[in-house]
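The values are calculated or read from the model by the stated rules, or taken from the named source; none is laboratory data. Quick caveat, the model's predicted, so the values are computed rather than measured. Quick reminder, even Gly has a Cβ in these numbers, built from the backbone with ideal geometry, and neighbours come from all protein chains shown.
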């Protein structure tokens, strides 16, 4: 068996939200260890040490030995789940699954793509990983860090399914054999059309509005601005029969300037 990573943990007696908040205030993470043969055990781990452990794991499937001060034996486990605050990204809780060195167990192992797809290289295809992790069953000694999937011969329109993944010694794949793992697909046509439509203005599209918010006057055939419509001209000039349009003061001044009849 590959040498597992080591994580120092401590047993915690108190449980509940208040106890968990107190642990986080002193920079520790609440954790739990459970397995098929033991009762769940409440633990805690220092945040800096857990952060270093995750860097060492680096997304692989690895086993972890839990070292406790109150017990001489070390528990063999793997990371089952990590809960984090969606806003602060702070670690909230860690689930550890205990395993036995001579017993098979189930675990999810990440998929690792190997090679350059023919479809991507020569057919402008796009590689799509449908199943980033595969469920397997094995003993700790046979646990692979990841499942390698060779995509070198993969062409556009082709898919590698679980049943076509290269077998690994001592490993049983638990996912459906027809489940797609990696596919090479064509670029999305809608994206190309949208980019072209944005770059080329559509013929007959409405002209942009003027700065004052009014629509600009339509251009004549010779490129000059067209004359306003007849209805607009009437609106601009005062109406001929509208006597209210003439100022009252101007009418009185004209009457005073006219001489009376019979006088010089």
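Per-residue answers, yes or no, for (1) under 26 Å from the mean Cα position of the chain (by Cα); (2) modelled with pLDDT under 50; (3) exposed (fewer than 10 other Cβ atoms within 10 Å of the Cβ):
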{"residue": "147", "(1), (2), (3)": "yes, no, no"}
{"residue": "166", "(1), (2), (3)": "no, no, no"}
{"residue": "171", "(1), (2), (3)": "no, no, no"}
{"residue": "177", "(1), (2), (3)": "no, no, no"}
{"residue": "187", "(1), (2), (3)": "yes, no, no"}
{"residue": "196", "(1), (2), (3)": "yes, no, yes"}
{"residue": "199", "(1), (2), (3)": "no, no, yes"}
{"residue": "220", "(1), (2), (3)": "no, yes, no"}
- Query: Could you say whether any residue in segment 127-142 is buried (at least 18 other Cβ atoms within 10 Å of the Cβ), in a strand (DSSP E or B) and under 28 Å from the mean Cα position of the chain (by Cα)?
  - Reply: yes
- Elements of type strands (runs of 3 or more DSSP E) in segment 28-78, at least 3 residues being modelled with pLDDT of 90 or more and within 33 Å of the chain's Cα centre (by Cα): 28-34, 41-46
- Examine segment 96-116 for a residue that is modelled with pLDDT of 95 or more, out of contact with any helix residue (DSSP H, G or I) (no Cβ under 6 Å at 6 or more places or on another chain) and more than 29 Å from residue 172 (Cα to Cα), and state whether such a residue exists. no
